[in-house]
Amino acid sequence: MIAELICVGTELLMGQVLNTNAQYIAESLAPSGIDMYHQIVVGDNPKRLTEAVRIAFSRADCVIFSGGLGPTDDDLTKETVAAALGKDLVLYGEEWERIVSYFASKGRTVAPNNKKQAMFPSDAIILPNPNGTAPGCIMEANGKAAILLPGPPRELVPMFRDYAMPYLLKRSGHRLYSREVRIFGVGESDVAYRLDDLFKNQTNPTIATYAKTGEVTLRVTAQCFTEAEGEALVSPVLSAIRDELGDCVYDTNGRELAKVCHDALIESKQTLAVAESCTGGRLADAFINYPGSSAYFIEGDVTYSNDAKMRRLGVRRKTLDTVGAVSEECAREMAEGCRKHAGTDFALATTGYAGPDGGEPDKPVGTVFVALACAEGTLVKRLNLFGDRDRIRHSAMLHALDLLRRNICTK
């Protein structure tokens with residue numbers, strides 16, 4: 001089954017509104033086994049919209065529309081699509097009553113032009129909209145289908161998820177089953193080289209590579225009819241990837257590195273504190289983003305100045321005077337002081353030169369030390385990172401998380 005997406009709105013063409021609906025719908029369609037080869041953005045112009053509808057229906061089984069279902073004269077999607085399919089619009093009394101009630105619940109009086117939002121072809125499938133005034137609908141004709149959705153994401157997302165997607169799954173006859181492999185500690189080119197045989201011989205499942213800042217993601221996707229069949233096809237490929245890349249693979253279900261650490265800390269019932277210099281709170285934020293982090297996350301110290309490192313963490317003046325704040329010794333003392341002060345099982349520390357200024361001949365910008373203190377001792381890792389200030393700080397955070405991940409998971 002081939003689907004096409006038409007997003008309607010001059011504001012999209014002018015860049016006044018970010019088209020998040022296109023991303024959401026495309027991501028949602030992928031697991032269903034529905035192919036999408038084209039997307040169109042067209043303004044609120046009846047002639048151009050009519051042409052876009054004609055082109056889309058010439059090459060797709062189902063065309064999904066976003067936007068243009070409002071009450072104003074330039075909201076033309078429903079009328080245009082109905083005309084293209086040879087359908088007339090009639091008033092749906094129940095939908096009009098719902099719109100009137102919706103306005104009343106907000107303490108407002110409905111305007112006469114809102115009545116057009118209750119107009120549909122007599123054989124349309126209505127898609128309820130509890131979050132706004134514009135119902136969506138599905139029109140069918142000549143073996144084709146048009147799915148019309150409102151433009152505001154808070155209305156479109158639940159309507160697509162709860163009503164449009166079940167309809168599409170019934171029509172597609174098959175689906176795609178995907179697993180997302182998250183990798184840290186090896187670059188994209190190395191991943192491609194080491195998995196070259198898998199890439200060359202792929203048929204079903206297929207493997208796609210996505211590079212993010214500091215890490216690599218693989219999406220392994222099988223075309224199948226059931227989830228069980230998809231899992232059976234994908235599992236041997238996941239095993240082969242793990243065999244080749246080892247513990248650089250930190251998850252095969254799409255969890256981020258911080259989420260892997262979060263889950264491991266909760267499962268092991270161990271606690272954590274962090275002491276940050278160059279990452280400036282990013283480590284703490286990475287954990288606190290997840291509900292339930294209060295079960296293990298005790299505190300975070302952003303000790304940016306040398307005075308704060310000494311006063312809060314017990315870093316020795318001698319260390320700072322002899323080897324400096326960006327050093328293995330300072331990172332070690334930060335982690336150990338943080339763990340002692342917080343009374344936790346683990347403590348992470350970061351210190352480094354994020355740039356663009358600073359650095360030394362033997363420790364240029366991008367030099368970062370991350371440390372992990374625990375009952376078995378303290379591990380310190382020196383990193384030579386690159387990029388701008390934001391990239392260096394983000395990469396330092398990921399390396400600290402990975403250091404923690406590897407040591408929680410080995411206990």
Residues of the range 317-411: accessible area per residue with a 1.4 Å probe, Å²: 45 Å²
Using alpha carbons only, how many degrees (0 to 90, rounded to 10) separate the axis of helix 389-408 from the longest principal axis of the chain? 70 degrees
Mind checking which of Ala375, Ala22, Ala228 has the largest fluctuation in a GNM of the chain, springs on alpha carbons under 10 Å? Ala375
In Å², what does the accessible area per residue of the range 1-140 work out to with a 1.4 Å probe? 47 Å²
With a 1.4 Å probe and every protein chain kept in, tell me what percent of the accessible surface of the range 93-159 is carbon plus sulfur. 54 percent
Mind listing which trypsin sites (Lys or Arg not before Pro) in the range 223-283 are in a DSSP loop and have 13 or fewer other Cβ atoms within 10 Å? Lys269
So with the 1.4 Å probe, I'd like the accessible area per residue for the range 149-307, rounded to whole Å². 48 Å²
By how many degrees, 0 to 90 and rounded to 10, does the Cα axis of helix 20-29 deviate from the longest principal axis of the chain? 90 degrees
To the nearest 10 degrees, the tilt of helix 328-342 (Cα long axis) against the first principal axis of the alpha carbons of the chain is 70 degrees
Can you list the equivalent-ellipsoid semi-axes of the chain, largest first and in whole Å, using the square root of 5 times each Cα gyration tensor eigenvalue? 52, 26, 19
Quick query: amide H of Gly151 versus all other amide H atoms, modeled in the peptide plane; which residues come in under 5 Å with a sequence gap of 5 or more or a different chain? Gly67, Gly68, Leu69
Which loop-located chymotrypsin sites (Phe, Trp or Tyr not before Pro) does the range 319-411 contain, where loop means any DSSP state but H, G, I, E or B and the Cβ has at most 13 other Cβ atoms within 10 Å? Phe386
Given a Förster radius of 60 Å and the C-beta distance between Arg54 and Lys318 as r, what FRET efficiency does 1/(1 + (r/R0)^6) yield to the nearest 0.05? 0.15
Quick one: of Lys78/Lys170; Lys116/Lys144; Lys318/Lys363; Lys212/Lys309; Lys318/Lys381, which pairs are farther than 27 Å apart, Cα to Cα? Lys212/Lys309
By DSSP, what percent of the beta bridges with both residues in the chain are antiparallel, rounded to the nearest 5? 65 percent
Listed residues Asp247, Asp197, Asp362; largest mean-square fluctuation, Gaussian network over the chain with Cα springs below 10 Å, found at Asp362
Carbon plus sulfur fraction of accessible area for the range 253-361, probe 1.4 Å, in percent: 47 percent
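The values are calculated or read from the model by the stated rules, or taken from the named source; none is laboratory data. Owing to the predicted nature of the structure, the values given are computational and were not obtained by experimental measurement. For neighbour counting, all protein chains shown are included, and Cβ atoms are generated from backbone atoms with ideal geometry for every residue, glycine included. Heavy atoms of the whole protein, side chains included, go into the accessibility calculation; ligands, DNA and RNA do not. Shrake-Rupley method; radii C 1.70, N 1.55, O 1.52, S 1.80 Å.
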